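Here is the structure we will look at.
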Amino acid sequence: MVTQFGMGTSIRSQNYTEAAARGIRDALWHNSLNVADAFGFPKEAMLIEVEVGVQQPDKVDSDALLGIFPYGQPSVRVVKGGLDVAKPDGSGVSVIANVAIIVSFDMAATGAASTSSSPGQSAGGQS
């Protein structure tokens with residue numbers, strides 16, 4: 001499992017979806033995930049859980065965010081969080097989105113979990 005964090009902003013347009021998208025890219029683009037290759041999984045098998053925090057979750061188009069991921073099985077959950085920072089001249093807010101991404105695999109579906117201990121031996125290594 002890998003956890004990544006990012007932050008995105010919409011300084012002028014108050015676009016919550018764009019701030020969330022920038023946060024996702026911030027989390028992804030600072031990492032090179034070789035987890036799939038390391039464990040012998042196809043990249044399409046990656047389970048990608050995305051949580052986005054913004055002050056107005058109803059203004060985020062979650063479906064638009066799914067298109068950011070080149071592979072894997074992403075799911076997006078938008079919650080109240082982030083920040084709306086008032087502009088000094090009172091003309092609106094700058095939107096800040098916080099993003100957490102968890103990447104994992106379904107180890108049980110591949111049988112990888114069942115090969116970790118010998119017959120007659122518990123997972124703790126003692127029989």
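Just so it is clear, none of the values below were taken in a lab; they were calculated from the coordinates. Because the structure is a prediction, the values reported are computed rather than measured. Cβ: placed from backbone, ideal geometry, glycine included. Neighbour counts: every protein chain shown.
Structure notes:
- FRET efficiency for Asp37 and Ala108, using Cβ-Cβ distance with R0 set to 22 Å, rounded to 0.05: 0.60
- In Hz, Karplus ³J(HN,Hα) per residue of the stretch 6-21 (6.51, -1.76, 1.60; θ = phi - 60°; x = Gly, Pro): x, 9, x, 10, 10, 6, 10, 8, 6, 9, 5, 5, 5, 4, 5, 4
- Eligible aspartates and glutamates near Lys87 by straight Cα distance, threshold 19 Å, same-chain separation 8 or greater: Glu18
- Using the Cβ-Cβ distance between Trp29 and Asp89 with R0 set to 25 Å, the FRET efficiency from 1/(1 + (r/R0)^6) comes to roughly 0.20.
- Sequence of Phe105, Phe41 once ranked by neighbouring C-beta atoms within 10 Å, starting from the fewest: Phe41, Phe105
- Stretching Lys80 away from Ile68 to a fully extended chain increases their span by 2.2 nm, per 0.36 nm per residue minus the current alpha-carbon distance.
- Counted by Cβ distance under 11 Å from Gln73, the other residues give a net charge of -2, where Lys and Arg count +1 and Asp and Glu count -1.
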